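Have a look at the structure below, then the notes.
The values are calculated or read from the model by the stated rules, or taken from the named source; none is laboratory data. Here the structure is a predicted model, which means the values were calculated and not measured. Neighbour counts run over all protein chains shown; Cβ positions are idealised from the backbone, glycine included. In case anyone asks, the SASA skips ligands and DNA or RNA and just uses the protein heavy atoms, side chains included. Shrake-Rupley method; radii C 1.70, N 1.55, O 1.52, S 1.80 Å.
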Amino acid sequence: RTGGLIDDIVEAPIDSQTLLFLINAVYFQGDWTVPFNPDNTREAVFHSPAGDLEDVPFMYRSGEFSYTEREGLFQAIRLPYGKDENLAMVIFLPAEESSVMEIAAELDGETWYEWRWELFNREGQLWLPRFTIEYEKSLNEALSSLGMDIAFDEDRADFGAAVVDLADQHADGL
C-alpha cells in the first residue's frame, strides 16, 4: 500500500523454502509548515563535501527561522513540517573551516539536546538545494545483534511452529 512509491520490495522468484518475510517500509511525504514557493527556485552552484562544484536547483525562502550557529563549526536551521510543527528537519551547514565529519564527531545525545535548545527565531534568507532522501537497510545484522542470529542461519532456523501458530491465530480470528 505504498501508492506505487516503493517498488520491488521482494524480488521473484521466491525460494520454496522461504516461509516468512519481515519487512518494514516507511514513506514520508512531509509538507513544510511554511512552503517554498516553486517560482523562487533558481540554479546555483552547490559545493559538495568532496569539493566538487555543480549547478543545481535551489529553493529560496525568506522570513523567520529557528536558527543557531557555532563559530568555526556550523550554522543550523530548523524547518518544521505540518501545522503542528511537531516534526522538523534540522539542517547543518559546516563553516568554511569545518566539515560534515567534524560536526558528526561532536554530535551525541548531550550536544544534540544542547544545540536543539539554542535554536532561536531570527529573520533571514535560506537558499536550500532541492533534494530527495532515500535510505535502505537490511535488518539481518541488527536483528542478529539482538539475539535473532539463528533466524538467518538456514541450517538452524526453524519457523515451522511459528507458521502453525500464526495459522491457528488466523483461524481463531486474531
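Tabulated data for the structure shown
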read-out	value
Condition met for GLU69 (closer than 25 Å to PHE46 by Cα, in a strand (DSSP E or B), at pLDDT 85 or above and out of contact with any His (no Cβ under 7 Å at 6 or more places or on another chain))	yes
In region 13-41, the residues that are open to solvent by 100 Å² or more (accessible area, probe 1.4 Å) and either touching a residue at least 40 places away in the same chain (Cβ under 8 Å) or in contact with a Leu (Cβ under 8 Å, 6 or more places away or on another chain) (or both)	GLN17, LEU19, LEU22, ASN24, TYR27, ASP31
Tally of residues being of a type in the set (A, V, I, L, M) and either open to solvent by 60 Å² or more (accessible area, probe 1.4 Å) or farther than 26 Å from HIS47 by Cβ (or both) across region 98-111	4
Which numbered condition ASN86 fails, given (1) within 29 Å of ASN121 (Cβ to Cβ); (2) surrounded by 10 or more Cβ atoms within 10 Å (Cβ to Cβ)	(2)
Options PHE36, PHE58; residue that is touching a Phe, Trp or Tyr at 6+ places or on another chain (Cβ under 8 Å), part of a loop (DSSP other than H, G, I, E, B) and not small (Gly, Ala, Ser)	PHE36
Residue in region 112-157 that is surrounded by the fewest Cβ atoms within 10 Å (Cβ to Cβ), counting only those that are in contact with an Asp or Glu (Cβ under 9 Å, 6 or more places away or on another chain) and among the basic types (Lys, Arg)	ARG156
Region 55-70, residues that are over 21 Å from ALA95 (Cβ atoms) and open to solvent by 40 Å² or more (accessible area, probe 1.4 Å)	ASP55, TYR60, SER62, GLU64
